[in-house]
Amino acid sequence: MENRGNQKHIGIFGQSNVGKSTLFNLLLDQDYSIVSQECGTTTDPVYKAMEVPGLGPCLFIDTAGLFDQTNLEKDRMKRSLKVIEECDLCLVVVQEGMISWDFIEDLHRKKKKILLVQNGPLSKETKAKIKEDLLPFNKDLILKKLADELGDVKEVGLLDGLVKKGDRLLLVMPQDIQAPKGRLILPQVMTLRACLDMGCLALCCKPENLDQILKDDGKDLDLVITDSQIFKEVKKALPQGLPLTSFSVLMARYKGDIKSYVAGAHKLDQLDENAKILISEACTHAPMEEDIGRVKIPRLLRKKLGQKIKIDFVRGLDFPDNVKDYDLVISCGSCMFNRQRTLARIDQVKAQGVAISNYGIIIAKLKRILEEIRY
Ligand code: SF4
């Protein structure tokens with residue numbers, strides 16, 4: 001099954017006991033979520049992946065009931081509302097007298113695709129108030145509608161605008177202590193797949209073979225893609241004019257908003273040793289000795305701005321609601337987040353007047369080659 005960050009996210013929302021978990025289990029054909037008449041049975045969101053015909057791999061998310069009367073309401077609501085950020089489409093289950101009109105309006109304000117699913121009869125008056133598509137509680141019809149709604153959404157390609165069919169690409173991939181044993185990291189796998197999809201030829205090498213490969217095939221190359229951590233070394237080895245980018249820059253274009261990230265990197269020019277910076281990783285992993293987010297980027301930042309700068313770290317979904325105290329937020333490649341969640345986080349940070357950048361772009365800036373790379 002595809003990485004979660006590349007799956008379409010479909011959230012199921014509605015008031016407590018309206019039938020959300022029943023719908024979740026119906027769509028997935030298994031009893032994943034506990035179905036009960038008791039309020040607040042679903043607390044944390046439940047995620048399950050499924051291949052939807054005509055749409056591909058999707059992640060269905062069962063959420064806690066909106067506006068239930070339990071003490072945990074506030075927490076559950078917060079978690080359910082966070083899920084909205086990552087949804088490509090929201091299924092809202094409705095029953096007569098159990099429709100959260102304000103919530104539906106809020107989804108519209110957030111520009112989310114919405115489908116209502118009817119669980120039981122609705123009065124004429126209620127039906128007249130509903131502006132959205134209303135579906136029966138029927139698995140096949142709902143899945144078909146999902147494929148219709150999401151199947152035609154044009155995906156941004158990882159290499160769109162950077163290469164054309166037939167181009168020759170060189171991928172420089174260090175296989176050092178930080179590389180996972182026996183496999184390639186996701187951005188590298190995704191880049192190779194994008195090369196195939198675009199009809200490009202891909203050569204791969206480790207940094208220690210770069211000189212040799214450039215000697216043998218350098219003049220026929222159209223683009224070099226490297227790990228950001230060795231930007232400067234690779235740039236130095238390349239012939240003049242051969243375009244260079246990095247895997248994390250590709251991920252920044254694909255998942256995030258590259259213009260905001262570049263503007264955020266330039267914010268560094270206005271900062272000094274009083275700067276407060278937040279480094280945010282989208283997943284939890286045990287930091288290695290020379291971890292890029294924990295060690296290398298902080299070292300480069302301190303070298304540029306001074307030893308006294310304050311750097312905080314957050315991981316996964318533990319992102320603060322208020323980031324106003326920070327001068328800059330630096331986000332990882334976010335390969336574990338989908339585009340919707342990454343964009344929502346960028347919007348959240350920018351709405352508070354704070355600059356945001358990402359690992360690849362900030363490294364290019366700190367190594368003074370941002371103006372020389374392709375993005
Ligand atoms: S820290 Fe970010 S870029 Fe690295 S693996 Fe986790 S989600 Fe992906």
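Coordinate-derived values only; no laboratory data. Not measured: the values here are computed from a predicted model. As a convention, Cβ positions derive from the backbone with ideal geometry for all residues, glycine included, and neighbour counts pool all protein chains shown.
Please compute the Cα-Cα pair-distance distribution of segment 154-299 with 10 Å bins starting at 0, giving whole percents from short to long.
That works out to 9, 36, 36, 17, 2, in percent per bin.
Work out Dmax and Rg for segment 252-314 from the C-alpha atoms and quote the Rg first, both in angstrom.
12.7, 34
Along the charge dipole of the chain, Cβ charges K/R +1 and D/E -1, which of SER246, GLY199, VAL18 sits furthest on the positive end?
Checking the options against the dipole of the chain, the answer is SER246.
One-quarter of the Cα convex hull surface for segment 257-372, in nm²?
Mean orientational projected area (segment 257-372, Cα hull): 6.9 nm².
Could you sort 18-25, 206-213 so that the peptide with the highest average Cβ count within 10 Å comes first and the rest follow in order?
Highest to lowest by the protection proxy: 18-25, 206-213.
In a Gaussian network model over the chain where Cα atoms closer than 10 Å are linked, find which of SER246, SER80, SER100 has the largest mean-square fluctuation.
SER100
How would you rank 309-319, 348-358, highest first, on the average number of other Cβ atoms within 10 Å across their residues?
The packing order, highest mean first, is 348-358, 309-319.
Compute log10 of I(q)/I(0) for segment 93-137 with the Debye formula, placing one identical point scatterer on every Cα and leaving out solvent, at q = 0.14, 0.18, 0.32, 0.34 Å⁻¹, to two decimals.
Normalising to I(0) and taking log10 leaves -0.30, -0.50, -1.36, -1.43.
Using the alpha carbon gyration tensor of the chain, what are the three equivalent-ellipsoid semi-axes (square root of 5 times each eigenvalue), largest first, in whole Å?
42, 25, 17
Straight distance only, please: which lysines reach the Cα of LYS144 with their own Cα at less than 17 Å, same-chain residues fewer than 8 apart left out?
Of all the lysines, those that pass the test against LYS144 - Cα under 17 Å, at least 8 places apart if same chain - are LYS8, LYS113.
Bin width 5 Å, origin at 0, all Cα-Cα pairs of segment 168-249: what percent of pairs per bin?
Distribution as computed: 3, 14, 29, 27, 17, 8, 1 percent.
For segment 62-193, what are the per-bin percents of Cα-Cα distances with bins 10 Å wide, up to the bin holding the maximum?
Here the calculated profile for segment 62-193 is 9, 27, 25, 17, 15, 6, 1.
With runs of 4+ DSSP H residues as the only contributors, calculate the mean residue ellipticity of the chain at 222 nm using -39,500 (n - 2.57) per run, divided by the residue total and rounded to the nearest 500. Could you put the intermediate results ahead of the total?
Details: 13 runs with 127 residues, N = 375.
Computed mean residue ellipticity for the chain: -10000 deg cm²/dmol.
With a Förster radius of 25 Å, plug the Cβ-Cβ distance of ARG193 and THR284 into 1/(1 + (r/R0)^6) and report the FRET value to the nearest 0.05.
It comes to 0.50.
Relative contact order for the chain using alpha-carbon pairs under 8 Å, separation at least 6, rounded to a whole percent?
On the way: 643 pairs, mean separation 55.3, N = 375.
After rounding, I find 15 percent.
Based on Cβ point charges of +1 for Lys and Arg and -1 for Asp and Glu, what charge dipole magnitude is obtained for segment 4-151 about its Cα centre, in debye rounded to the nearest 20?
Dipole size: approximately 360 debye.
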